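Below is one structure, written out as C-alpha cells, with a few remarks after it.
The values are calculated or read from the model by the stated rules, or taken from the named source; none is laboratory data. Only a predicted model underlies this, so the values are computations on that prediction, with no experimental measurement involved. Here the Cβ positions follow ideal geometry from the backbone for every residue, glycine too, while neighbour counts run over all protein chains shown. These accessible areas exclude ligands, DNA and RNA; they are computed on the full protein's heavy atoms, side chains included. Shrake-Rupley method; radii C 1.70, N 1.55, O 1.52, S 1.80 Å.
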Amino acid sequence: MDSNESTTFHILLVEDSEHDWLAFRRAFKKSGVSGEITRYARAEEALDRLEKDAASFDLVVTDYKLPGLSGLELSREL
C-alpha cells in the first residue's frame, strides 16, 4: 500500500441502544481510523444484509442482548 493511500474500514454495527450507538461512533471517530459504520438495531436485519453483501464489510460488531436474535446467536449464524 502506498503511504499516501488510506484504508477505509467498513463496519457493520448491530446495536439497539441509541446511546451505545452514539458512544461507539464517537469512540471510533476519536480513534482516527478512517471508516464507515452501517448500523442495524436488530440482528435479523444485519444477517439479511450480510447474506446479500458480506464482502462489503471488514468487521461486524454486535451487542450481546438484542431484541429477537441475540448477538451470540448472530455470531453463530455467521
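Rolling a 1.4 Å probe over the protein heavy atoms of the chain, with every protein chain left in place, gives an accessible area that is 49 percent carbon and sulfur. The mean sequence distance of close C-alpha pairs (under 8 Å, at least 6 residues apart), as a share of the length of the range 1-77, puts its relative contact order at 40 percent. For residue 76 and residue 26 in the same chain, what is the full-extension length gain: residue separation times 0.36 nm, less their Cα-Cα distance, in nm? Between residue 76 and residue 26, full extension yields an extra 15.2 nm. A 1.4 Å probe run over the range 2-75, with the rest of the protein chains in place, finds 65 Å² accessible per residue. Assuming charge only on the beta carbon of Lys and Arg (+1) and of Asp and Glu (-1), the dipole of the chain about its Cα centre is about 300 debye to the nearest 20.
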